[in-house]
Amino acid sequence: LDYSAPKKLRYGYRIPGIDADWIDADFEHRTLSYGNLWPGDYTVQVRGSNRLGVWSTNQLNLKIQVLPAYWQTGWFLTLLLLAFGGFIYGGYRLRVARLRAQARELQTLVNARTADILKLGSIGKELTATLDIEQAFERLYKQASARLDTYVFSIGIYDHAANLIQDEYLIEGGQRQRTKAISMDELDRPAVWCLRERRELITTCNAELLNFVGKILPVNSGDSMESIVYLPLIVEQRVISCLSVQSPRRSAYSLDQLEFLRVLASYTAIAISNSRAHGELAATHGALARAHGELAAAHLTMQQTQRQLLLQEKLAGLGTLTAGVAHEINNPTNFVHVAAQNLSVDLAEFEAFLKELVDTDEAPEVLDAFALRFSKLSGHVKTMLHGTERIKTIVRDLRAFTRSDRAEKTRARMSECLLSTLHLVRSSWQEKVEFSTEFIDDPEIACWPALLNQVFMNLLVNGSQAIAARAKPESAEIGRITITMQIKEAELHIDFSDNGVGMTAPVQARVLEPFFTTKDVGDGTGLGLSISYGIILQHDGKLQIDSTPAQGSCFTVILPVLGNG
């Protein structure tokens, strides 16, 4: 060190293992500070220079020991680990306790649900066991009132013939009210919406009615309600009634209460059906005592119902089978169709290639021979394409004709049903019968398309057979079947007119009877028209017959257009 000019001196310091190089300091900064050293032993090296900047070859080594803070001691870390372990264990115990509490709550809920199920089973037995519908309604009201708010409780019976909903049982404010009727034409009534749509109507406040109806109508009697529930009562896919509970409070019904009410509604539907069946059975017994003829009519109705059920099962099986067969036919047909298209392109390219090879001064006979050969090959390819197109059309029509229908009606355009069925019939009768169509109107109606396809098939085949029976073996005359479709007074009229052999008046009187046929033994069962008539009645339609011997017949299928389904 040089004492003659201390302000020109330089200093350097470092800690091996901490600092990679020397850290310089001047006369004014001679303080050394480290604040991030972990407890342990360190050596601080210090050196200095003279006023000329020459560093000393000697350096000072200072031994320093950094003592640990309390949080760096082993005992503190041990306590910290113990505390953390205790926290984890406490959390585990708390979680186990919560899970056990949830398990107990779940078991309690399961026990309560089990008790509810047993109770519902007992309620169901009571409701379905009685044939007195008034007594069943009283039991139902008692059970519902014990579980939920039934300020308004009503059961409306749907009268299909009168197009009305008749409140057979109405309680308001705990008092029995006079029954009232609601016309199905009042489309903004909640009960009408429920029956027409075959769906539940549930609101938590009165304003939510606008989610279902176009406007909120004033109530027929009593006060306006906030929480409103309407449930349709359905038996064998038919809506027969609706159950309603209402409360002046908002959000009055919980999910559990609604589920309880749905189960009660199911039992109520069965009770109403049983009561009706009992009443019908009693009426049938009385009718049997009065007239034996009514027994025959009831037996005939049962036979028709059984035949319709059998027909539906056969149609379902036929639809499944046909879908598989159509798929298996369609795949190789597509392969052949695409191959024929490719062959057509290749033939055109090959013909062009040969023409390029032939000299322009070649004999015309050679060019004509080439053209003739390629013309024949192109004709074969066109025949293949036409044949595959016909196969694809038949497969498509088979799928449309035998497609499986759902339990509910679907909306279908009648022209599509008629044309798909007509394509199938035409392929068998095109040499003897000329088919024509005149669709003046072509609406969509709610129906079971596969069942109507069966009706159309029976009428077309019967008409074709009537034409074939009239034609002489040596005659080349072509018969005619005309299909006309037109809307008349909100009803769709579909006429099937033919110029076949026609029918006499006695035959017309019995033509719809089951097993009645004018065909030879083995050629017909006599069930086609009777089954078709049953299907038309199932659609709330009518079948009219107009026939003249030796001139032809006209079968008219009449189906409702407005308000069907």
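A crude spin-label estimate for the pair residue 164 and residue 52, with each label 7 Å from Cα along the Cβ direction, gives 13.2 nm. As a rough guide to protection, the peptides 344-350, 141-147 ranked by mean Cβ packing within 10 Å, highest first, stand as 141-147, 344-350.
If the segment from residue 199 to residue 432 were pulled out straight at 0.36 nm per residue, it would be longer than the present Cα-Cα gap by 78.8 nm. Shown for region 65-104: the carbon plus sulfur share of the solvent-accessible area, taken with all protein chains present and a 1.4 angstrom probe, equals 70%. The gain in end-to-end length when the residue 223 to residue 100 segment is fully stretched comes to 39.5 nm, 0.36 nm per residue minus the alpha carbon separation. Classify region 1-112 as rounded, prolate or oblate from the Cα gyration tensor: take a ≥ b ≥ c as the square roots of its eigenvalues, call it rounded if a/c is under 1.5, otherwise prolate when a/b beats b/c and oblate if not. Verdict is prolate for region 1-112.
Other residues within the sphere of radius under 14 Å centred on the Cβ of residue 561, judged by their own Cβ, net out at -1 (K and R +1, D and E -1).
Label sites at residue 353 and residue 373, each approximated as a point 7 angstrom past Cα along Cα to Cβ, lie 1.3 nm apart.
Solvent exposure of region 187-262, expressed per residue, is 50 Å² of accessible area, with all protein chains present and a 1.4 angstrom probe.
Per-peptide packing, taken as the mean over residues of other Cβ atoms within 10 Å, places 31-41, 97-107 in the sequence 97-107, 31-41 from highest down. Protection proxy ranking of 417-427, 375-385, by the mean of other Cβ atoms within 10 Å over each peptide's residues and highest first, is 417-427, 375-385.
Remark: accessible surface ordering of 180, 8 (largest first) is 8, 180, probe radius 1.4 Å.
The values are calculated or read from the model by the stated rules, or taken from the named source; none is laboratory data. Not measured: the values here are computed from a predicted model. Neighbour counts are summed over all protein chains in view; Cβ atoms, including those assigned to glycine, are modelled from backbone coordinates with ideal geometry. When the accessible area is computed, the model is the full protein with side chains, heavy atoms only, and any ligands, DNA or RNA have been set aside. Shrake-Rupley method; radii C 1.70, N 1.55, O 1.52, S 1.80 Å.
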